[in-house]
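Presented below is the structure to which this report refers.
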Amino acid sequence: MFEVCIDVESVVGNKLSAGAMIFQEVPTMAARCPIEVSREIMSGVPVFAGTRVPVTTLFDYLKGSESLEEFLDDFPTVSREQAAAVLELASKDLVDAAVTGRVAAQETQR
């Protein structure tokens, strides 16, 4: 799939200067955001984009000492990139929560 990107600075009135239109490949939904939430898919449970695999399933596997490879083998509709992106998001959220908690605790102690 392709989209047309227009350099707004090159638009003068209703005319485009030469070379103003650029075609670029649009990433799939899964590449843009690894998690999808829709009432039509699994009643709104967060799933890996483009699949019906709940995101929590990955964490259940890891909690149960299963490997990422085992998860990917059991759920071939989930790409390694999607799983890595979800783990990255969870990691950032965990660190942010820890920092926020420490800051809140320090402010409470003042």
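Search the stretch 44-58 for residues that are farther than 14 Å from residue 34 by Cβ and pair each with any residue that is of a type outside the set (S, T, N, Q) when their beta-carbon atoms are under 7 Å apart and the residues are at least 6 apart or on different chains.
44/37; 45/54; 52/41; 52/42
Looking at the stretch 80-95 only, could you name the residues that are small (Gly, Ala, Ser) and exposed (fewer than 11 other Cβ atoms within 10 Å of the Cβ)?
Residue satisfying the conditions is 91 alone.
None of the figures in this text is laboratory data; all of them are computed from the coordinates on show. All values reported here derive from a predicted model rather than from experimental measurement. Reconstructed Cβ throughout: ideal geometry from the backbone, glycine too, with neighbour counts over all protein chains shown.
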